[in-house]
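Before any comments, here is the structure.
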Amino acid sequence: MTAWPTPVRDPVPMLAEVHRVWGGGSDLWVFGYGSLIWRPDFESAEHRPAKVHGWHRALKMWSRINRGSPECPGLVFALLTGGSCQGVAFRIPQKDGHAVLDKLWQREMVTGVYDPKWLQCATPQGPVKALAFTLSRQSPNYTGELSEAHYRQVFSAACGRYGTTLDYARQTYECLLAHGIVDRRLGRLLQLAEQRGA
């Protein structure tokens, strides 16, 4: 049985701070840019197309449990500084906000890797401030720049408890397209997997 990696930071005080900043006095907004779009694991009252500036979606975070293993690490998406990112903003009713935050922490913050941040999101109905899970380039889970050959190797071999990195990347790409979002960077990466199999 694969052991869970040692937490980078204690996620408990980070959750307490997010609860404090949100305050519980209004509906809670959460920004999804990867699997949260196609598997949010929570009920929302509304979801909107949303764009954040100063951050971008990148397949540059090591995954040694969910989409890979310690012996063959996989990759998952992270929100890194620079550029912009189109995603989905979910509105969770005020009465459900605390429970949803606790559930999100069980899913996203077991190892304390992400830096939760409140980001300004532009939506067709106006701006909202939403919670997003970002990654520091100083994090041990940040991959840095990977070669095309390395991406091909990960796509061909990495598999974890939720399946392969390749399936995860493809599912995200298809879900983004269904929301009218074209991620050209991700599209180019997926072409590498197809070229390998050609």
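The values are calculated or read from the model by the stated rules, or taken from the named source; none is laboratory data. For clarity, every value in this text was computed on a predicted model and none was experimentally measured. Here Cβ is always computed from backbone atoms with ideal geometry, including for glycine, and neighbour counts include all displayed protein chains. To get the accessible areas, we keep the full protein, side chains included, count just its heavy atoms, and leave off ligands, DNA and RNA. Shrake-Rupley method; radii C 1.70, N 1.55, O 1.52, S 1.80 Å.
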For this session: Send over a whole-number figure in Å² for the accessible area per residue of the stretch 29-75, probe 1.4 Å.
Result: 39
For this session: Taking H placed 1.01 Å from N in the peptide plane, check which residues at least 5 places from Ser69 or on another chain put their amide H under 5 Å from its amide H.
Result: Gly74, Cys159
Exercise. So how strong a dipole does the stretch 1-84 carry about its Cα centre when Lys and Arg Cβ are +1 and Asp and Glu Cβ are -1, to the nearest 20 debye?
Worked result: 340
For this session: Would you check the accessible area of Val12, probe 1.4 Å, heavy atoms only, in square angstrom rounded to 10?
Result: 100
For this session: State the extension gain, in nm to one decimal, for the chain segment bounded by Met14 and Lys51, taking 0.36 nm per residue of separation less the distance between their alpha-carbons.
Result: 10.9 nm
For this session: Could you list which residues have their amide H under 5 Å from that of Trp29, counting only those 5 or more apart in sequence or on another chain, with H placed in the peptide plane?
Result: Ile92, Leu131
Problem set entry | Anchor Lys51: lysines whose Cα lies under 25 Å away (excluding residues fewer than 8 positions away in-chain) | Lys60, Lys103, Lys117, Lys129
For this session: Pop out the carbon and sulfur fraction of the accessible area of the chain as a percent, whole number, probe 1.4 Å.
Result: 51
Problem set entry | Relative contact order of the stretch 1-108, pairs being alpha-carbon contacts under 8 Å that are 6 or more residues apart, as % | 36
